[in-house]
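What follows draws every value from the coordinates through simple rules; no lab data is involved. Being a predicted model, the structure only gives us computed values, none of them experimental. No Cβ is skipped: glycine too gets one built from the backbone with ideal geometry, and neighbour counts run over all protein chains shown.
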Amino acid sequence: MVRPCTSSISSWRCSPSSASGWPWKNCAVTGETTDLIYVSPKSGGAVSRGAGEPWRDRLLRLPPFLRQGETASDLTEQDLQDGFRLTGLFLLRHVLEPRGLGHSDARAGFINALIRQQAKAAIPAP
């Protein structure tokens, strides 16, 4: 379980708000508005569980805290990693690469520190 400040950081970084321009309200394949658990790395659109199952190894996982109507109260380390993987791909493709840049070492360090802190918080004190 990730502490609230961790989920706030991740939500801020990859919030599917109008500022991000990534519409995750309906499935890009079927138009469904429920059970959206994947994101297509090609289109950036959400994909429902049923439509995405045959291609799940090629799709990005849409973490629960970015899904419509879900909260970050049960955020796991996997959710956090999926959120950063998702933002990382689109930041690289749409912001950094067009400028001849890549992800910074600082980003990787921040993510690793966050994951380590989350892991420490999950271990009960003796």
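Working out 0.36 nm times the residue gap between Lys42 and Ala121, then minus their Cα-Cα distance, what length gain in nm do you get to one decimal?
24.9 nm
Using all C-alpha to C-alpha distances in the range 33-123, build P(r) with 10 Å bins and read off the rounded percent in each one.
Calculated over all Cα pairs of the range 33-123, the distribution is 15, 40, 33, 11, 0 percent.
At a 10 angstrom cut-off on C-beta neighbours, averaged per residue, how do the peptides 74-81, 43-50, 115-122, 100-107 rank from highest to lowest?
43-50, 74-81, 115-122, 100-107
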